[in-house]
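Trainee: Got a structure for you, written out below as structure tokens; questions coming shortly.
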Amino acid sequence: MRLVSAVAAGDPPDIAQVGNTDLATLVTLHAVIAQPPVAPDFFPGALNVTRFHGQYYGTPWYVDTRLLFYRPDILRRAGFARPARTWNGWLNQMQAVRRVLKRGQYPLLAPINEYSFLEVLALQQQTHVLRDDAQYGNFANPKFRAALTFYKDLFTQRLAPPIADHQLINLWWQMARGDFVFYVSGPWNIGEFRRLLPPKDESLWMTAPMPGPRGPGASLIGGSDFVIFRTSTRKRLATAFIHYMLKNRQQIYLYKLTGDLPARRGPWTLPPLSGDIKLRAFRRQLEHVSSFEAIPEWDEIMDGMRRAAEQVIIGGQSVPAATRNLDRKVNDWLAARRQIIAKNKRKGPVGASALPR
């Protein structure tokens, strides 16, 4: 991360745009200052991921999340008007969909080299996958095991093929021809479907919020935040820039340029966002988003979770064994964190704020 190198060199910029995991690292380094929210209408989930020790250290700039892309025509052929709202209902739909598909087609695409879908399932269980101030793994808890079991069953029931994304020929073309009916993905794929499929195929795909264990489910919150560096000598100018970039006009312009979704509710009431039927599910999902612990080691931990899931799906390992092994690995990865926390506790309450949580 170049910003960390700039901080180490004592020459960071005044302001930067960073992702949530990078924000945790910068807070750990005491490199950025706290910022009060500059607008009253941020999606709560987007604002919450910038909060450490009771203060906000970033201003949400754009957000993303995950939900269902699906084939409404095939779902209707299977007897359903819209995607289910619960896990059991969704399983029933996929089993019904499988009966109307051809050989080699599947109800769901869930590439095993991506961890975001499993992360969403775990978030929906409202489980803590780390414990004791994020010092130890907690993947062997019953709630995460339930999420991993549901994920595994999608493959053992042959509702999804155990393939990686690089084994696809062309995701969008394959969805258009019916190779897959459901796919969990983010807002960038709205632009990709429209760019890579002809206009006549616009009706072939639609979006819907995520189903959950007992009703409409939460999804993950991602995106990018503005931060102001502690060493900046132009903090007032940096704050004015953030205020300008958060105006409705700038958030809509960003969407038009990149497809990135506004972090505030206000721009969603204006065109083109207000009139796009494919975006409505994202607007609803953004009211139901969550996140796990924001710590610098998070990307490594999530990659470990993905590899553990691969061992279950294609390696034949049991869910209990996989989660126990994952906890042991996570405990090793967090050894330095435990040492720092122990050292800070010896220093007293001031030093104890050195790590984000």
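All of the numbers you see were taken from the coordinates with simple rules; none came from a lab. Remember, it's a predicted structure, so these values are computed and weren't measured experimentally. Note: ideal-geometry Cβ built from the backbone for every residue, glycine included; neighbour counts use all protein chains shown.
Trainee: Round to the nearest 0.05 the FRET efficiency obtained for Asp73 and Asp332 when R0 = 56 Å and r is the Cβ-Cβ distance.
Mentor: On the way: r = 49 Å, r/R0 = 0.87.
E between Asp73 and Asp332, to the nearest 0.05, is 0.70.
Trainee: Kindly state, to the nearest 0.05, the FRET efficiency for Arg249 paired with Arg51, given R0 = 30 Å and r defined as their beta-carbon distance.
Mentor: With a Förster radius of 30 Å, E is 0.65.
Trainee: Oh, and also: In deg cm²/dmol and to the nearest 500, what is the mean residue ellipticity at 222 nm of the chain if only DSSP H runs of at least 4 residues count, each as -39500 (n - 2.57), divided by the residue total? Please report the intermediate quantities before stating the final value.
Mentor: On the way: 15 runs with 152 residues, N = 357.
The helix contribution divided over the chain gives -12500 deg cm²/dmol.
Trainee: Quick one: length gained pulling Arg131 to Glu293 fully straight, 0.36 nm per residue minus the C-alpha distance? Could you put the intermediate results ahead of the total?
Mentor: Values: separation 162, 0.36 × 162 = 58.32 nm, distance 0.97 nm.
Going from the current span to full extension adds 57.3 nm.
Trainee: For region 124-144 and region 250-322, what is the separation of their Cα centres, given in Å?
Mentor: A separation of 20 Å, based on Cα centres.
Trainee: At 0.36 nm per residue, minus the direct Cα-Cα distance, what do Arg230 and Arg265 gain on full extension? Give it in nm, one decimal, please. Write out the running numbers ahead of the final one.
Mentor: On the way: separation 35, 0.36 × 35 = 12.60 nm, distance 2.92 nm.
Extra length from Arg230 to Arg265 when fully extended: 9.7 nm.
Trainee: Continuing with the same structure: With label points built 7 Å along Cα→Cβ from the Cα atoms of Ser318 and Phe80, find their separation and express it in nm.
Mentor: So the label points at Ser318 and Phe80 sit 3.1 nm apart.
Trainee: Can I ask one more? Which value results for Rg/Rh of region 67-208 when Rg is the Cα radius of gyration and Rh the Kirkwood radius based on the inverse mean 1/r?
Mentor: Details: Rg = 16.2 Å, Rh = 16.2 Å.
With Rg and the Kirkwood Rh in hand, the quotient comes to 1.00.
Trainee: Expressed as a fraction of 2.2 N^0.38 Å, the rule-of-thumb size for a compact globular protein of N residues, what is the C-alpha radius of gyration of the chain?
Mentor: Cα-based Rg divided by the globular estimate yields 1.05.
Trainee: Looking at the chain as a GNM with Cα springs under 10 Å, which of Ala309, Ala96, Ala46 has the largest mean-square fluctuation?
Mentor: The residue that fluctuates most here is Ala96.
Trainee: Also, quick follow-up: Express the relative contact order of the chain as a whole percentage, based on alpha carbon pairs under 8 Å and six or more residues apart in sequence.
Mentor: Values: 584 pairs, mean separation 111.5, N = 357.
In percent, rounded to a whole number, it is 31.
Trainee: If you don't mind, there's one more thing I want to ask. Are there trypsin sites (Lys or Arg not before Pro) in region 120-162 that DSSP puts in a loop and that have at most 15 other Cβ atoms within 10 Å, and which ones? Walk me through the intermediate numbers first.
Mentor: Working: sites: Arg131, Lys143, Arg145, Lys152, Arg158; in loops: Arg158.
Loop-located and lightly packed - Arg158.
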